[in-house]
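Asker: Okay, handing you the structure first.
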Amino acid sequence: MKMEKDKGKEIDVSSPISAEEEEDTDDKQLPSFPSVRFSSRNASSKYDFVKVKVWLGDNADHYYVLSRFLLSRMLTVTKIPNHVAIKIALELKKLLIDNSLLDVSQSDLEANLFKLMERRGYGEEYINRYKMMTKFHHQRVPLVILVCGTACVGKSTIATQLAQRLNLPNVLQTDMVYELLRTSTDAPLASTPVWARDFNSSEELITEFCRECRVVRKGLGGDLKKAMKDGKPIIIEGIHLDPSIYLVEDENKTPSAVNTGNKEINPVSAEMDDNTAINTQSINVGSGDEPSSDPKILSSNEGVNDDIVDAVSNSMSSVGLNGNIIEHKDASLPEVQIEKITVSKEKSGPKPIIVPIVLKMAEFDHKALLEEWISSRTFIEKCPDQDHDKLIANLKTIQDYLCSFTSQGLTVVNVSATTFPQTLDWLHGYLLQCIEQGTSLGSHENVTQVAAK
């Protein structure tokens with residue numbers, strides 16, 4: 001086999017290929033190809049027409065075809081800028097083809113990739129991240145990222161951007177689940193948002209909000225079971241995410257989180273050290289250590305028709321309404337309960353990593369955005385008689401409740417339009433730390449989430 005002949009061969013990458021030379025090398029080094037000039041818009045190269053087989057395993061009995069696009073996406077996960085990742089991926093494929101290495105082992109591919117990364121100034125730190133993410137995907141560790149917060153704090157934008165940076169294909173929106181459950185089942189969900197209704201007290205508002213969150217949680221059951229079974233990472237974003245539902249460890253049925261203090265995170269001033277330890281601890285809720293919310297909230301699921309909600313949840317997963325999950329198979333895990341993410345004790349493999357994040361904004365800026373959003377014609381048609389100040393006050397009450405779980409390890413991140421890139425970059429590094437911690441704990445550790453500040 002040709003792969004055996006080329007095995008162990010590394011390429012001399014000491015001569016850098018400048019950006020100006022890339023188009024010229026396309027024409028000079030492969031004269032057998034037609035002389036076709038590709039525009040920079042489609043970012044194509046004639047090297048893309050040559051297949052490089054990457055062989056896996058000790059016996060090289062399986063292979064995949066190297067993809068520049070997928071490789072560059074993997075590099076961006078390590079925090080290498082996208083334009084640099086694209087160049088590194090192209091350089092690697094050029095080197096392999098120019099040296100007639102059309103069959104190469106995975107280890108040789110990575111050895112040459114790491115040399116190219118080091119040559120561009122992305123050394124050990126980035127290489128370790130690449131290895132860590134490779135291990136993460138190889139172990140198929142379930143990853144659930146929860147992006148919580150009220151309206152107009154940037155949940156959808158943050159979730160989408162993080163999905164692109166971390167190369168995660170599935171982003172689920174609780175708003176869609178809420179509407180589908182409301183219109184397709186007899187679930188007790190109103191057409192008017194919970195924060196746009198009249199309540200006698202803040203406690204009554206929070207009780208109703210938590211009840212609706214549990215109904216939505218039930219609707220997400222199919223996708224969560226599939227993620228736990230197949231080890232597929234997902235991001236869930238929306239207002240109907242109650243942290244108390246997810247900060248629960250199945251075996252002890254107590255919140256399990258990382259506690260590093262009660263301070264909120266300002267990504268502009270916070271510095272992420274890759275060597276920072278993330279310490280885990282369990283918080284016992286059995287003897288008066290409950291959060292300040294009403295205990296009834298934690299068990300309220302009245303009026304929910306489980307059979308119908310389960311059917312809708314399964315149908316949502318099968319047709320891909322909640323994201324890019326197209327195929328649905330019967331899950332082998334026990335049924336996910338409404339109060340928690342269930343992890344089967346008999347199930348072997350790594351424990352899931354659950355990272356809850358709450359987004360908030362400075363009160364003045366948030367109020368300005370909310371007033372503009374509430375004044376929109378679409379929303380006014382739904383609740384024309386409501387006072388704007390009352391609506392904003394209800395949203396603030398919900399936001400305060402979401403931020404009250406900092407003592408259980410929940411991360412609260414301050415979002416600002418002027419510092420959005422820094423916030424996104426901090427969250428990227430923070431999630432990489434959570435993934436690293438989760439994969440290093442191994443498959444036998446008793447952990448259901450990693451969350452730190």
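Asker: Rolling a 1.4 angstrom probe over the protein chains, ignoring ligands and nucleic acids, what is the accessible area of TYR246 in square angstrom, nearest 10?
Answerer: Result for TYR246: roughly 10 Å² accessible.
Asker: Between LEU70 and ASP387, what's the calculated FRET efficiency when r is the beta-carbon distance and R0 is 51 Å? Round to 0.05.
Answerer: On the way: r = 52 Å, r/R0 = 1.02.
Efficiency at R0 = 51 Å is approximately 0.45.
Asker: Right, another one. Could you tell me the distance between the Cα centroids of the stretch 215-238 and the stretch 158-200, to the nearest Å?
Answerer: The two parts, judged by their Cα centres, are 13 Å apart.
Asker: Pop the C-beta distance of ALA196 and GLN164 into the FRET formula with R0 = 35 Å and round what comes out to the nearest 0.05. Kindly include the intermediate steps, with their values, before the conclusion.
Answerer: Details: r = 32 Å, r/R0 = 0.92.
Efficiency at R0 = 35 Å is approximately 0.60.
Asker: If you wrap a convex hull around the alpha carbons of the stretch 47-137, what volume per residue comes out, as a whole number of Å³?
Answerer: On the way: hull volume 8.5 nm³, N = 91.
Normalising the Cα hull of the stretch 47-137 by residue number yields 93 Å³.
Asker: Additional query: Hey, quick one: spin label on ALA362, modelled 7 Å out along Cα-Cβ, who in the stretch 416-434 has an amide N within reach, i.e. under 20 Å?
Answerer: Flagged as within label range: 416-427.
Asker: LYS360 accessible area, nearest 10 Å², 1.4 Å probe?
Answerer: In the full protein context, LYS360 sits at about 50 Å².
Asker: Also: In Å, the Kirkwood hydrodynamic radius of the stretch 172-241 over pairs of distinct alpha carbons? Each step should come with its number before you reach the end.
Answerer: Details: mean 1/r = 0.0765 Å⁻¹.
Taking the inverse mean of 1/r over all distinct Cα pairs, the stretch 172-241 comes out at 13.1 Å.
Asker: Which whole-number percentage describes the relative contact order of the stretch 47-137, with Cα contacts under 8 Å and a sequence gap of 6 or more? Each step should come with its number before you reach the end.
Answerer: Details: 87 pairs, mean separation 28.9, N = 91.
Once normalised by length, the contact order is 32 percent.
The values are calculated or read from the model by the stated rules, or taken from the named source; none is laboratory data. These figures come from a predicted structure and were not determined experimentally. Heads up, the Cβs are rebuilt from the backbone with ideal geometry, glycines too, and the neighbour counts pull from every protein chain shown. Ligands, DNA and RNA are stripped out before the accessible areas are found, and what is left, the full protein with its side chains, is counted by its heavy atoms. Shrake-Rupley method; radii C 1.70, N 1.55, O 1.52, S 1.80 Å.
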